[in-house]
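Working notes, structure below.
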Amino acid sequence: MSDFPANLPGKPERARARPAAYNGRYAAGAARGHARGVIMTPEQPEAELTQHHGWDARTLKVWVRAQGRCEYCDADLLGSASVYFHGAHIDHIVPGTGNDLDNLALSCVACNRIKRRKMFVAAGEVPPERKTLIERAQRYIGERRVRDEGLRQIARPLLIACDIAERAV
Ligand SMILES: [Zn+2]
C-alpha cells in the first residue's frame, strides 16, 4: 500500500485494511473515522453523534429531518461553529403542547425569537398538520423580517451619524 498516506494514526495493519477510496480523504485526528468523506455504515454517524458528541436521539431526529437548516428561514445551522453551537434551537411549533416530534422544529435563534410563543392555531380551530403550521410560522416570521429590515435601514444611517457605527458601511 505505497499510495496510502504516511501520516495516518494507528497501526499499519489497520491502514492496510481501509478501502482504497479512503486514500486522500482521511483527516488527521479523526481517529474514530467521523471526518467528512469517511466511509461509514448507515448506523455509524448516529452512534458517533449520540455516544461521542453529546447528542440525544430526539434532537438528532429533528436535525436530520430538517437537514441541518432552520425550518422557518432555511439558514444553514452547520455553517459555522458559532451557529452550530449557539445559534440553533429546537422550537415547539405550538407552545405548551408537548415534545412530540411533530411539534418540534429546528430553528435559528433569530426565527425562534421572532416567533416567540405565538400560536398559529386560531381559537376553536382543529390544529392543522405540521406542514401548515410551519408555513404559517414562515409567513409570520418573513413579514416580521421585512418590517425589521425597514427599521434597520432607518437606524443604520442615524447610528453612523452618531459615530458609533463607523464600520457599518
Ligand atoms: Zn431561521
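Computed from the coordinates by the stated procedures, all read-outs in this text should not be read as laboratory data. Remember, it's a predicted structure, so these values are computed and weren't measured experimentally. Glycine gets a Cβ as well: all are built from the backbone with ideal geometry, and neighbour counts include every protein chain shown.
Between GLU125 and GLN44, with labels modelled 7 Å along Cα→Cβ, what's the label distance in nm to one decimal, could you check?
Each label point is offset 7 Å from its Cα along the Cβ direction, giving 4.6 nm.
Relative contact order, percent, of segment 54-161 when contacts are C-alpha pairs under 8 Å separated by at least 6 residues?
23 percent
Provide, in order from the shortest bin, the percent of all Cα-Cα pairs of segment 54-161 in each 10 Å bin, continuing until the bin that contains the maximum pair distance.
Bin by bin from 0 Å, the calculated values are 14, 41, 30, 12, 3, 0.
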